[in-house]
Structures are given as structure tokens and as C-alpha cells.
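J.: My questions all concern the structure below.
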Amino acid sequence: MTADDVDDVGTYPDYIVINKPVNQRPLRGDVVRYVGAPIAAVAATDRYAAEDAVEALAATLEIDELSPVMTVEQATSDEAPLLYPEWGDNKVVDLVGDRPEVRAALDAAPHRFTETYVVQRQTPLPMETRGVVAEYRDGRLSVWVSHQSPHIARTTYAMLLGLREADVRVVCPRVGGGFGGKTHVYSEEIVVAHLAMKLGRPVRWIEDRAEHLVASVHARDQRHVVDVGYDDEGHIHAMRCHVICDVGSGEVFMAGTCPSLVSGGVMTGSYDFPNLEVSTTCVVTNKTPAGAYRGFGAPEGVFVMERVIERVARLVGKDPNDVRAPMILQQSQMPYTMPGGGRIDSGSHQQTFERVIELGTEALQRVQARFEDDPKVRVGVGYTNYVEPCVPTYFATTGHWAGYDAATIRIEPDGGATVAVGVAEIGQGMVVTTRMLAADALGMNLDDVAVVMGDTDRAPYGLGAWGSRGAVVMAGSVVKAAEVVLDKARVIAAHKLEAAAADVVLEDGAFTVRGSPGGTAVTWAEVATAGVIRTIELPKGLEGGLDAAATYEPYALEHFPDESGRIHAAATWSNAAHAAVVAVDLRSGHISIEEYFVVHDCGTIIHPNVVEGQIVGGVAQGIAGAMYENLPYDPETGQPQFASFMEYLVPTMSEIPPVQTEHFESPAPEMPLGIKGVGEAGTIGPPAAITNAVCFALADYHLDITETPVTPMTIRAAIRGSKDRT
Ligand code: MCN
């Protein structure tokens, strides 16, 4: 099947109005813009035949090579070939900040520097690659797919394949990791479904790792040109930042441009720093399209802010924490509106900052003692503070979907409950936490609650797992639905107890009359049997059935920017402070993270072990970005220089230190049960904390890191070049 064979399939919509349209087709025909772009599909009854057919097909392809555009400089130069000639340039997004007061503050600042900070290209890299199985039977399409958003996938499949949504079922069994990369609805899914419909047979495609590295989204690959004004006290007066992201060919649904807007929006994070002007440009190049990846722009922004603070501290001869301290947000400043419009609702910024310094200072002494006999090892500690936007609008990312989610609760005749939710399980613990929360809300045992998610035939329409939103929107909808069900259950129990419903309480799984301990009790099973089967036992006039549906709309956020481009895009904000203590070997340049601390605040915690796992896993991915993973391309040919884990260095257990976590719990005032998110939090801090620690360790060499990953080569080059620096 080639591009001509999918003529009857729709083109992906370009919903986002600030983006230039890419008109993505499921299979590319005339122009192929990156290595990994799908151009043909072969279906066969076994893998050997399919691979042979692919080889035969590849030999018949007629491809004229075009000159590739591989860097931001190339893409934005006047002579650049245009990926989309109809645009007139290679900029898919170009937003120019306009804050004259920031420029005036910069001009008035006693000192000023400019710098470019670069964050490399990475990919989300779940353990389980993508995979899709489709079957068309009796006029219904069923698709089993490794995806983070089953309902969004269904809407998109139906739209492109010209089917009614009711005739499409999408099943996403527990997904083996997604990290953002599986929020996108990829061409392969559409092609496999289309093939299944054409052939009348089930079709399966499982991505291999080499395919995954070029055909699933990439991320980050962003540079930040800053202009900073400061004074002798280390007070930063103002900053301008131009965020320039290389989003690859841009042919991905949903578009990968939103993370760079988030970078600017959350850059100042835990700091009271009003004078920031941000401009954002996303350029297209002949690389794999960029998309969502855990942290969604925040690690990049925080890296920039923290490296700027450290530079100012060095220039004025102060401890970087003394530059941070006067800027740290105080409780009395809540809610605090950041320069980009995000309104931080609450948090423990001062407490996490102070606590992490205590932990880092003690750990530094321990590690210094550990290496005191080795003059060739230098030890350093680095810190960072930040906020994590949670429960964001999806409109800025998709241009279509907004932010609500849903739950249904059905009490079964035996007194157990089936709880179905629109959020999804991608390894982050959503099934177990939904069960816990629902059991609590319904006064049941954990074993009495069955949880359904990831199946569009069985779960209510919801938007899935992204944006560290699941806990909040799940809790919001489950608690509401539970209240409706409980109200009715109390009426039934009251009838049986011959009491008023207002006097009935639910304790230890049984309904009793308030203030009559040891009196008659009615179990959930008795209430349920009456409510669902023996409806003759119901009070007169009450209809049978014990179920409820509820949605949760995060009203505490905005979907559209105001006239100056500011937007309060996330309903609540977690906060954290990290400390990394590193030992750097001057002989080899090897960096070892000796100790790592996270002091975190995600409001009310549902499940401590899950939260711990989220933070530690997030830190591991953050370390990967800080020190290891990179996706370089040959600048001449546009060929990727990575095809396996030999080139893409994913850290293993040996590279990840034990991570010590501590928590503050500042409940989110406007969120259900005071919950904030945690799913992306750990990933945001490590690039800043680790580079800060390495620079501390190599202070004698005047190292000022402006780029990740920080590798032994960075260190050795710094040592070699230190003679030229002051
Ligand atoms: N939780 C909790 N108490 C809180 C907040 C959250 O117990 N105060 C629990 C939640 O119930 C959920 C987990 O912590 O089990 C993460 O919750 P939340 O922050 O709401 O994030 P989401 O459920 O929306 O999950 C998505 C988020 C994102 S955006 C990415 S990317 C990510 C992540 O979670 N991808 C992951 N964590 C991941 N973890 C694994 N193992 N695999 C992925 O692909």
C-alpha cells in the first residue's frame, strides 16, 4: 500500500491556529521529509514474507535526493530550502514577545550578559515500543493499540477513516510506558486500520526498536538565547529569552510545538521574577517530528533559569543560593502570577528550598570525606527549584480537545462496584490509585472495586494520560459520581433501617443509624440487591439501579491566551527542589552522582509508594537528559546517527543513584481533595541540578556549562580549555 492507496483516507487536521498547516497524510507520496517517514506498508501472513517484500519494494523506489535542512541556523538562513514552500519560511510558529518594561529594565541594569543555552534532542523511549492490531468485523473497527489517550485515538481514527465513532472501538490494555510519546495518533495506526478494513482480516504491526528511534516522536532539541541584566548584589533585574525549537518535519498529530511555549511559561518557576520577556520560534527541519515528552518543555526552561542564576552568582562572587533566596516565592505571595500568565495556586517553595539545602550541605560533607584521599576527584553540589504545571488545558496542544474527564460508577448486585474512568494506565499507577480512591469514596474494601479504563466501549469519554492530570481529574469525577450513588444507597438503607436518610451513616462497609453503635446494620450487598435486582424492596417511587456518571472540568484554568499572549494554562502547580552531589574524576572526566535529593510537594498524596515511584522514575529520565541521551544527525546527508542502544545511551540502574525523597503537602485549594500532579515532576530538575553540581566541582576550572548532555568529553574539554578562561 502506498500513498495512492490511501486517497480515500482523510488528511490529519491542523487545528492549532498559531501553527502553519502541515497537511499530514497517512503515507507520504511526493515529498519525504525525514528518515522514518512512512511511505509504504506491506501486509503479509508472516514476518519473513513481509520483510522480503519490503526489501523488494525498497529496490523499486524512485527517490530524488533533496538537500536536507538539518539545523536551526540552516533552517532560518535566507538560502534555506523550504520544507513547505507555501509557508515562505521554515518557521511553523513564530511568536515575538513584546514587553517594553522588560527591555527598559534591561537597559537600566548595571551589568548585562547574553548567552545561548542548548538542550539536546531526545526521545521518550518507553520500554514497550508502539504496536497496533486492527480488525474490521460486522461493520465495526476494533483497534488494540499502545496509546495514552484511547478516546482521542478513536475520534481521530473515525474522522480519518470516515466511520461513525460508535463503530470504532479502541482498546489500550495497560500500556508499557508512554512518557508523552504515545499521546500522538500516528500514521501507522491509521494505515493498519485501513489495511484491516481493505483486507477483511486482522492486521498487526509491532514497532521494533530501530523503527521506534526514527518513527516515534523526538523531543527537546531547543536553544535559548538570553539577555540578562543584573547588579553587583546578584539581583537579576530582567531577562529576555528567545526559545528556538527544532521540531523536525512537524508531521505529527498532535503538533509538537506546545512544549516550547511551556518552556517560556514555567521558566521562572518557584521564583518571584516578573521581568521576563519570551519569544518563541519553532523551526521545521528534515528530522523526525518532535512531540510530547515527560516534562513537556519544563526541564528546558528550568535549565536556562538555573544556569542564568549560577552565572550571575559567579560574576558577582556570591553563593548561588544567596542569589536564589531573595527570589523564592513565599506563602504570602500565593496565588502568584508568573510573567507568562500561569497562576501558582499554592506551594511550599521556601520550605522545599531550605530543606534541600540542609540535605545537600550534609551530603556534600559526606561525599567530600569519601574522596578526600583522591586529589584527582572533585566534588560538588548543585540545586534547583521549580514548579510543575499540572492538569493543563489540552487546547493549547491540540487546538481541539480541552480538559475534562469522566467517570461512571455502577454498583453491582453483590455490593461491589465497577468504576470506569476516561484516564489511562501507562505504568504510572492509575488503576491502583483509582481503586483506592473509589473504595474510599464508596466506603468499600479495595477488593470490592473493579476498575475499567483503556477501552472506549466500556469507559466514558475521557482524554487519557498526559499533563500530570490523571490523579486530579480522576478524583474529581470519581468523588462526584460516588456522592450520587451514595445518596441513593443511603435512601435504600434508610428504608430498610426504618430511619431517615439523613441519619444513615456508612462505616466499615455497613449502613447504620447515626448514634446507634451495635444497632442494626445494612450491608452494601443488601442495599445493592434491593437497588438492582429485588426492586420490590425499594421505597415507593424510587426507581431501580445504582449507578452514576460524572465529569470533572478543571475550571481553574484558561484555554485561550489574553491579548498580550499570557495564559493561565494549568489548573494547579506542584513544586520541588532538587540537590545533586557529584564526584568528577579529572583523569577520565567521569561524573558520578553520589547522592540525589528531591524535596517535593504535590498537595494531598493518594498513594505514597506510587508517588515515590513517579519521582524516582522521573529523576532517572532527567539524569538521562542531563548526561547521556542524544540523537545526532549527519548534517550533510540528514541520516540519523542512531539505530540502537549502542548509540542512544539510556542510563541503566548502575548510572542512577539512590534518590532520597521528602514531602511537604500543600493542598491545592481549588482541586478535588487538594491533589496536585506528580507524573512529570522528577524529570524537570536533574539537568539543572547536575550541571550546577558539576560546575561547583570544577570551579577551579571556571567551567560554565551551557549545554546538555554533560559528558566526560565536556569535562575533559573544559579542563583542557580552562587556561584560556578567567
Ligand atoms: N498520584 C498520587 N498522589 C498525588 C498525585 C498523583 O498518588 N498527589 C498518583 C496518581 O494517582 C498516578 C500517578 O501518581 O497513579 C501520576 O499521577 P499524575 O501526576 O496525575 O499523572 P497522570 O496520571 O496524568 O500520568 C501522566 C504522567 C505523564 S504526563 C507522563 S509523560 C508519565 C507519567 O505520568 N509517563 C509515565 N508517569 C509515567 N510513569 C510510567 N511508569 N510510565 C510512563 O509512561
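J.: How many percent of the alpha carbon pairs in the range 100-218 exceed a separation of 24 Å?
T.: Considering the range 100-218, 41 percent of its Cα-Cα pairs are separated by more than 24 Å.
J.: At 1.4 Å probe size, put Met713, Met338 in order of accessible surface, largest to smallest. Please report the intermediate quantities before stating the final value.
T.: Values: Met713 120, Met338 0 Å².
From most accessible down to least: Met713, Met338.
J.: Based solely on its DSSP helices, what 222 nm [θ] is calculated for the chain when runs of n ≥ 4 H residues each add -39,500 (n - 2.57) and the sum is averaged over all residues, nearest 500 deg cm²/dmol?
T.: Values: 18 runs with 207 residues, N = 726.
One gets -8500 deg cm²/dmol as the mean residue ellipticity at 222 nm.
J.: Here's another thing I want to ask about it. Quick one: accessible area per residue over the chain, 1.4 Å probe, rounded to a whole number of Å²?
T.: Normalised by residue count, the accessible surface of the chain is 40 Å².
J.: Also, I was wondering about something else. To one decimal place, what Kirkwood hydrodynamic radius in Å is obtained for the range 218-270 from all pairs of distinct Cα atoms?
T.: On the way: mean 1/r = 0.0771 Å⁻¹.
Mean inverse Cα-Cα distance, inverted, gives 13.0 Å.
J.: Of all trypsin sites (Lys or Arg not before Pro) in the range 663-726, which ones are in loop regions per DSSP and have a Cβ with at most 10 other Cβ atoms within 10 Å?
T.: The qualifying sites are Arg725.
J.: Taking the alpha-carbon distance from Lys376 and a cut-off under 21 Å, which lysines remain once sequence neighbours fewer than 8 residues away in the same chain are dropped?
T.: Lys723
J.: Taking the alpha-carbon set of the chain, what are its Rg and Dmax in Å?
T.: Calculated on Cα positions, Rg and Dmax stand at 27.3, 91 Å.
J.: Which of Lys91/Lys182; Lys198/Lys287; Lys480/Lys676; Lys91/Lys287; Lys496/Lys540 have a Cα-Cα distance over 21 Å?
T.: Lys91/Lys182; Lys198/Lys287
J.: For the range 404-552, count the residues as N, evaluate 2.2 N^0.38 Å, and divide the Cα radius of gyration by that value, please.
T.: 1.07
J.: Moving on. From the protein chains alone at 1.4 Å, what is the descending order of accessible area for His111, His607, His590, His568, largest first?
T.: Descending accessible area places them as His590, His111, His607, His568.
J.: Restricting to DSSP loop positions (anything but H, G, I, E, B) with no more than 12 other Cβ atoms inside 10 Å of their own Cβ, which chymotrypsin sites (Phe, Trp or Tyr not before Pro) remain in the range 606-648? Mind dumping the intermediate values first?
T.: Details: sites: Tyr628, Tyr633, Phe642, Phe645, Tyr648; in loops: Phe642, Phe645, Tyr648.
Of the chymotrypsin sites (Phe, Trp or Tyr not before Pro), the ones in loops of the range 606-648 whose Cβ has at most 12 other Cβ atoms within 10 Å are Phe645.
J.: Here is a further query. Using a 1.4 Å probe over the heavy atoms of the protein chains, calculate the carbon and sulfur portion of the accessible area of the chain as a whole percent.
T.: 52 percent
J.: Excluding residues fewer than 8 places away in the same chain, name every one of the aspartates and glutamates whose C-alpha is closer than 16 Å to that of Lys20.
T.: Cross-link targets: Glu86, Asp89, Asp94, Asp246, Glu251.
J.: Which residues' amide hydrogens lie under 5 Å from the amide hydrogen of Arg28, considering only partners 5 or more residues apart or on another chain, with H built in the peptide plane?
T.: For Arg28, whose amide H was placed from the backbone, the distant partners under 5 Å are Ile39.
J.: Right, here's the next one. Quote the accessible area belonging to Arg410 in square angstrom, nearest 10, computed with a 1.4 Å probe and with ligands, DNA and RNA left uncounted.
T.: Per-residue accessible area (Arg410): approximately 120 Å².
J.: How would Arg201, Arg140, Arg307 rank on accessible area, largest to smallest, probe 1.4 Å?
T.: Heavy-atom accessible area, descending, gives Arg201, Arg140, Arg307.
J.: Same structure, new question: Any idea of Met159's accessible area? Nearest 10 Å², probe 1.4 Å.
T.: The value for Met159 is about 80 Å².
J.: Sticking with this one: In the range 636-686, which GluC sites (Glu not before Pro) are in a loop and have at most 10 other Cβ atoms within 10 Å, using DSSP for the loop call?
T.: Glu636
J.: Membrane-span-like helices in the chain: DSSP H runs reaching 30 Å or more (Cα, own axis), mean Kyte hydropathy at least -0.5?
T.: Helices passing the filter in the chain: 470-497.
The values are calculated or read from the model by the stated rules, or taken from the named source; none is laboratory data. What you are looking at is a predicted structure, and each value in this text was computed from that prediction instead of being measured. When we count neighbours, we look across all protein chains shown, and the Cβ atoms used for this are built from the backbone with ideal geometry, even at glycine. The accessibility values were calculated without ligands, DNA or RNA, using every heavy atom of the protein model including side chains. Shrake-Rupley method; radii C 1.70, N 1.55, O 1.52, S 1.80 Å.
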